[in-house]
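**Student:** Quick one: structure below, then a few questions.
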Amino acid sequence: MTDVLPFLPYPPIEQHGVIGDRRTAALVAADGTIDWLCLPNYDGASIFGALLDAEHGGFWRIGPATPTAGRQRYLADSNVLITTWEYEGGTLEVTDALLWPETSRPAGDEERRVVLRRVRCCAGAVEAAFQLVPRRDFDTAAVVTPSGDGFTLKLAEATLGLWASGNVTAAGNAVSGTFTLTSGDEIWAVLAWQESPEAWSIERARSALDASVAYWHAWSAGLTYTGPRKERILRSALTVHLLSFAPSGSLVAAPTTSLPERIGGDRNYDYRFAWVRDASL
């Protein structure tokens with residue numbers, strides 16, 4: 001890590017969006033930093049934990065070259081997150097998703113965990129930055145090696161495969177890059193658990209994102225509520241569905257751990273489990 005962190009540390013919890021595949025979930029801060037992700041499941045070891053420890057937790061930021069908070073929203077009727085930054089000279093947009101949220105996956109695919117990120121210049125010209133620094137359980141740094149069109153990142157017994165359509169380079173335990181994007185330009189990136197990066201391409205990434213969006217849209221279409229605050233009800237339902245653990249159907253209380261219920265309080269529980277009390281409601 002450098003003395004000056006390349007992201008905005010410890011943003012308020014309300015300045016985050018959440019993405020998930022119903023096996024695990026990630027928190028994405030409004031500056032484009034994934035600062036919480038456990039793999040392979042909700043209760044696994046943290047890979048990105050800067051939410052709790054900015055210096056040792058690990059993170060993945062894609063956003064403007066100078067870290068600033070953008071505006072976050074979800075793609076309609078989905079758990080795909082979009083963060084937007086608007087400047088006088090241009091507009092930048094990052095789309096985030098955890099792929100394949102289906103309850104049943106094809107044989108051999110159940111253990112796959114894939115984070116997909118797309119950065120796009122929507123207007124004008126914008127300088128963008130990419131920095132990936134995973135840390136396993138706030139301790140083990142990655143050993144980064146080139147692998148085809150991407151990189152393999154080894155963290156103890158865990159392996160991550162990184163593929164990106166833009167030019168990123170490895171230095172030490174990090175992968176980073178900077179880009180000048182003009183209107184219409186986009187860069188895709190995929191981080192896959194226990195998977196080589198060689199299999200990925202823009203076409204496959206786009207198809208996988210479309211399939212995940214289609215799942216959320218189909219699930220949302222099954223909700224027939226038409227009363228007051230319909231959009232809020234749908235958003236709440238989508239979030240609850242995201243927190244369901246697909247292999248068993250159980251519902252985790254939260255995707256995070258060690259956050260105090262009250263600032264300065266002592267109730268810093270691990271909520272990444274299905275509490276019988278909550279699940280029975």
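**Student:** Quick check for you: which residues of the stretch 126-156 have the amide N under 13 Å from the point 7 Å beyond the Cα of THR180 toward its beta carbon?
**Tutor:** The answer is 126-128.
**Student:** At 0.36 nm per residue, minus the direct Cα-Cα distance, what do SER280 and ALA171 gain on full extension? Give it in nm, one decimal, please.
**Tutor:** So the chain would gain 34.4 nm between SER280 and ALA171.
**Student:** What is the spin-label model distance, in nm, from GLU86 to THR145 if the labels are put 7 Å beyond Cα along the C-beta direction?
**Tutor:** 4.8
**Student:** Pull out a ≥ b ≥ c, the square roots of the eigenvalues of the alpha-carbon gyration tensor of the chain, then state rounded if a/c is under 1.5, prolate if not and a/b is larger than b/c, and oblate in the remaining case.
**Tutor:** Rounded.
**Student:** I'd like the FRET efficiency for PHE138 and THR224, computed as 1/(1 + (r/R0)^6) with the beta carbon distance as r and R0 of 45 Å, rounded to 0.05.
**Tutor:** 0.50
**Student:** For ARG204 and LYS154, FRET efficiency with R0 = 30 Å and r from the beta-carbon atoms, rounded to 0.05?
**Tutor:** Once the sixth-power term is evaluated, E becomes 0.80.
Where a number appears in this text, it was derived from the coordinates with a stated rule and is not lab data. Note that the coordinates shown come from a computational prediction; the quantities given were computed from them, not determined experimentally. Backbone-built Cβ (ideal geometry, glycine too); neighbour counts: all protein chains shown.
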